[in-house]
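Any read-out appearing in this document is the output of simple, stated calculations on the displayed coordinates, not a laboratory observation. Since the model is a prediction, treat every value here as computed from it, not as a measurement. Here the Cβ is made from the backbone with ideal geometry for all residues, glycine too, and neighbour counts use every protein chain on show.
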């Protein structure tokens with residue numbers, strides 16, 4: 001549901017459409033989804049991207065060295081967005097092998113028992129405190145089988161250890177099992193079709209240095225893509241300028257809103273769609289529609305858009 005508080009059909013002189021940023025402005029405000037290769041750590045991949053652009057980089061959602069697939073990375077000021085992506089659901093394709101003969105019907109039953117809330121203890125190699133914790137498995141689907149080897153698709157809460165999940169399924173079945181290969185195919189709104197291999201990223205940057213930026217423009221994403229997981233409030237340019245200079249959002253600054261509840265995380269967008277901030281809603285959207293004044297949003301993370309905005313209310 002969308003709530004419109006104030007219609008604004010004018011084309012603003014302020015701000016800039018994210019899709020129209022020059023590469024000079026886009027690079028330090030961009031995300032890139034790397035198809036992580038097998039072998040290097042996520043940290044090593046991040047360092048390689050940093051060396052390409054000579055900008056600060058970071059990654060979200062660490063993958064084991066032997067795992068492959070979707071690895072969201074931030075460049076420049078977009079690095080500050082990455083912790084927003086840590087909590088998004090993940091989807092994996094895993095090849096696992098049971099250590100004994102199994103009955104498919106019994107396996108189906110046990111897989112069903114692992115859907116929902118589970119408890120896990122991180123493996124020794126994880127490098128985190130080994131204490132029992134809850135994680136949610138949204139679904140497990142069998143894709144293929146070959147003898148004792150099974151291919152599964154697993155959708156789960158962030159922070160789930162798939163290697164441990166495979167081991168626990170095998171233990172419950174009574175045969176034992178281990179993970180053979182793992183590929184992440186989705187992290188929140190980022191999917192395999194968004195990925196790029198490191199060589200193509202390097203080639204795109206080299207073409208850019210030669211004055212041919214089209215290839216790189218197709219690879220890099222504006223940082224606003226990270227805000228897709230949140231409901232949005234579109235705000236006036238004057239409100240954007242105020243928020244960017246440390247103010248919290250008040251009712252008169254709102255143009256329109258998606259539906260959200262009090263205490264939800266919400267993203268603020270300018271009239272042209274530039275990401276301004278992420279923070280906490282202080283009221284339900286339905287309640288805000290009827291308000292005349294007052295604070296409605298508490299900023300937690302303010303971004304660095306490429307467009308200019310008025311520094312104070314007009």
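Before moving on, here are some points about what is shown:
- Exposure proxy ranking, count of Cβ atoms within 10 Å, fewest first, for 189, 299: 189, 299
- Most mobile of 250, 145, 160 in a GNM of the chain (Cα contacts under 10 Å): 145
- Counted by neighbouring Cβ atoms within 10 Å, the residues 32, 49 run from fewest to most as 49, 32.
- Sorting 104, 203 by the number of Cβ atoms found within 10 Å of their own Cβ, with the fewest placed first, yields 104, 203.
- Gyration tensor (alpha-carbon) shape descriptor, the stretch 115-251, a/c threshold 1.5: oblate
- Note on the stretch 90-187: Kirkwood radius taken over Cα pairs, Stokes-Einstein applied at 25 °C and 0.890 mPa s, translational D equal to 181 µm² s⁻¹.
- More than 39 Å apart - percent of Cα-Cα pairs taken over the chain: 25 percent
- Seen against the Cα atoms of the chain and their longest principal axis, helix 104-114 is set at about 40 degrees.
- In this calculation the C-beta distance from residue 135 to residue 293 is compared with R0 = 41 Å, giving a FRET efficiency of 0.45.
- Ratio Rg/Rh, restricted to the stretch 19-113 and using Cα atoms, in which Rh is the Kirkwood radius: 1.17
- In degrees, nearest ten, helix 162-173 long axis to first principal axis of the chain (Cα): 40 degrees
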